[in-house]
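Read through the structure below, which is laid out as structure tokens, and then see the notes.
Please treat every number below as a calculation from the coordinates, not as lab data. What you are looking at is a predicted structure, and each value in this text was computed from that prediction instead of being measured. Note that we place each Cβ from the backbone using ideal geometry, even for glycine, and neighbour counts take in every protein chain shown.
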Amino acid sequence: MKGLVAFLALILFLSPLALLIQSYFVYSDSPFLSSDLGSVRAQKVLNHVFNVTPKDRIYVIVNGSYSQALQEVNSSLRYLNDARLITPYDYVDSVMKGYNETVLPLVEKAYKGLLPLHELYLNLSLKRDEALSNLTSFQYELNVTYGVPRGLPAKPSPELLAFSTIYENLSRVMPPLEAARNASLAVFRDPLVLLFSFDNYSDKTLVIKALSDNASLVYLVNSLSKTDLPSKAIEQPFAYAYNEVRSEIPPPPVSISDFRKGDSWLFIVEVPNNESLSNVLLFMRSINGTVTGHLPLYAESEAETETNLRLVDVATVVILGGLLIVLLRSIYPILILLLSALFGLDIAYGSMLLLHYLGLYQIYYISGLVVPPIVFGITVDYSMLFLYRYYEELGKMSSDPLVKAYRNVRSAILISGLTIAIGFASFVLTPSTLLRNIGIALLISAVSSLIPPLTFMRVALGSVSLRVLKFPRKELPKATDVRQAYLRKSSLWAVRHKWAVIAVYFLLTALAYHVSSSLLGFAVSFSFHYTGEGLIAVPVESFKSPPGTNVEIAEILSTSSSAYKGLEELKDYFKYSVDYLILKGNPNESYSRIYNLSEALIKRGALVFGPASLGNYTFENATYLTNAYYKDNYTLMVVYLPHPVFTGQAIEMTRYLQNFGLVAGENAERIDVVDDATQKYYNITLPLTVLLIAVYLAISLRSAFMTLRLVLTLFASSLIGLAV
């Protein structure tokens, strides 16, 4: 009895681990991004070559006035570390600032072309001011220029004499008006006289009006420069140049309307990539509005999984308890079987936490979720095997039934457990970080399931009398497990109808192979989309993503969650997610491909900043921007996909970009993690599992035929499971 009490105390002491471990689950893909993945390689180039370190964005939609919404978000920032709030006005200003900096060389080039005309305009303005301040002198110039050729008298002066001589010579080769103006320019050097003629030079009021009007000076500048520019080009050349460039190359279509819909406002909060999901969840719960984005999706997935895990644990215990009641109908055996399963779960989670504390293991949420069903199933099955062998020895009236039962089941449990462990070991040996993480959890679960039947069950059965063991029944249950009867009947039926069973077996296998082949083919060919030497020939218009794994966020988060609904709501606001496409080589050598790719993306609503484009505008020929996005033999294209992060459309467009080069960003990371795990599972883990089990069976059974049959059965069941 003391041993039983000690075990119960140990189980009670370790039980909180089942709840504690949930706070250590990792929901992000980041820890499982190995260095050989394209998104990781792209991120390294982005960081070290282009000095770009993207941050995670949290999107917050709050209802109310702008000041109320701003206060709501600001008051909740305390839950986040190193958070930076970007208001709608901040974002639009930053977009325009970046746009202005980008087009500045074009503006300056146009401005320099207009600058001589502007300087001429300024000089004419000074002369105009002088003429208005000394109107008598200017009128004398007009009288000489336009009066003398008509025979009107003028005050004698050296200028008059010089004018008369020059005019007389010029009038022989050109019209009188042209000769008079050229002679005046040669003598007085005042182009303002060109504003007048023989018909209007003498009206003082008209002269003052003409000189006072800036349009007259603009006209004069155009006349002297033989141009036909609007007044703004001459008076304000920089503003005119900017507007001309902007009309030719429009800024990205981002405005306040992208952040405001009715009484609702969208704010963006930037946080470091390693921000705690717990902090993000606290931030989400403190906001009276909608919060979505990469981290909120994972944070809500964490909370949702934690809730579901509790439900699964409770449901497992209830269902298992109900099944045991049907099978055993005795209270004590049912209790010790449940306690045995709980003990196995404590051992498994305790081992995972120990590895975590030692810095050897991060508990991915899937790894944590696979433990309870495996441990409960295997532990209860082995414990029931021990229990029924004990019943059998009791029925035989053996002298030491517990010891004999233990000896009978020990080898069976260890051999069976070894088989399971060998199968799970293939996960640990895989090069995929994610599969290896899950494999460690599977292996720990398998080993942990062996301990309770061989330790706790022996103590629990030996600590009570037969009266307690069979209560409330008057007799012990039969030594034969009721499941054995079902298995015996099924086996006999299969033997009698062996040809039908074989036909169904091959039919299901063929159908399963047909359904599974597309996924298997994709897993094999996926890694060859990008050669690493440059762009590959992929039709620009082929936007269909290849068949493969489903990496949409709905796979880990229910569509009823607020963060998931927020993605749909976000489509009415600033809906873009960002991909960073890294191309190998000089963009001048592959400009046409980059241009075509930019055009294809822009046609589908994307904003592309790169060697051949600025937002939604493309350049047919190379410009100064071409080299601005090139460094150390790498070319960068920043693509704003017109879909929120992790949505099906965003994933599809990111897959498309991966055909051309390395892609960094949240969408690419999730694709790489899931696809890498899928590829390595079907190409390495699954064949390795079959191989290890085949070797083990060949050694154990010493029969090649039996081994082949079992391996083929395993292969067929795997295909059928995949197809389903």
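In order along region 311-320, the Karplus-derived 3J(HN,Hα) couplings, from 6.51 cos²θ - 1.76 cosθ + 1.60 at θ = phi - 60°, round to 5, 5, 4, 5, 5, 4, 5, 5, 5, 5 Hz, and Gly and Pro are given as x.
Kindly flag which residue pairs out of K261/K565; K44/K680; K109/K232 have an alpha-carbon separation exceeding 20 Å in this structure. Long pairs (Cα-Cα over 20 Å): K44/K680.
Amide H contacts for D56 (H built 1.01 Å from N in the peptide plane; partners 5 or more residues away or on another chain; cut-off under 5 Å): V271, N273.
Summarising the amide proton neighbourhood of S577: residues at separation of 5 or more, or on other chains, whose placed amide H is nearer than 5 Å comprise L641, H643. Against the chain, whose longest principal axis comes from its Cα atoms, helix 277-286 is set at around 70 degrees.
Each residue of region 433-445 is assigned a 3J(HN,Hα), and the resulting list reads 4, 5, 5, 5, 5, 5, x, 4, 5, 5, 5, 4, 4 Hz, derived from the Karplus form 6.51 cos²θ - 1.76 cosθ + 1.60 (θ = phi - 60°), x at Gly and Pro. Peptides 636-645, 455-464, ordered by how many other C-beta atoms sit within 10 Å of their residues on average, highest first, read 636-645, 455-464.
Any chance you could give the angle, 0 to 90 degrees and rounded to 10, that helix 176-188 forms with the longest Cα principal axis of the chain? That helix lies at roughly 80 degrees to the long axis. Relative protection proxy for 274-285, 196-207, 371-382, from highest mean packing down: 371-382, 274-285, 196-207 (other beta-carbon atoms within 10 angstrom). Dipole magnitude for the chain: computed about the Cα centre from +1 point charges on Lys and Arg Cβ and -1 point charges on Asp and Glu Cβ, it is near 3820 debye. For the chain, the alpha-carbon coordinates run over 153, 55, 41 Å along the three principal axes, in decreasing order. In this structure, the residue pairs whose Cα-Cα separation is over 18 Å, taken from K2/K470; K575/K603; K396/K470, are K2/K470. Could you work out how far the C-alpha centroid of region 286-317 sits from that of region 346-387, in angstrom? Taking the Cα centre of each part, region 286-317 and region 346-387 sit 21 Å apart. Counting only Cβ charges, +1 for Lys and Arg and -1 for Asp and Glu, the dipole size of region 530-669 around its Cα centre is about 160 debye. Relative protection proxy for 141-149, 609-617, from highest mean packing down: 609-617, 141-149 (other beta-carbon atoms within 10 angstrom).
Each residue of region 496-505 was assigned a 3J(HN,Hα) from its phi angle through the Karplus expression (A = 6.51, B = -1.76, C = 1.60, θ = phi - 60°), giving 5, 10, 4, 5, 5, 4, 5, 4, 4, 4 Hz with x at Gly and Pro. Compute the signed sum of charges (Lys and Arg +1, Asp and Glu -1) over the other residues within less than 15 Å, Cβ to Cβ, of L211. Net charge in that neighbourhood comes out at -2.
Here's the list of lysines a cross-link from K155 could span, going by alpha-carbon distance under 27 Å and ignoring same-chain residues fewer than 8 apart: K127, K204, K209. Taking amide H positions as modeled 1.01 Å from N, with prolines and chain starts lacking one, the residues under 5 Å from S613 and 5 or more places away or on another chain are F619.
Restricting to DSSP H runs of at least four residues, report the calculated mean residue ellipticity at 222 nm for the chain, -39500 (n - 2.57) per run over all residues, nearest 500 deg cm²/dmol.
My calculation for the chain gives -20500 deg cm²/dmol from helical runs alone.
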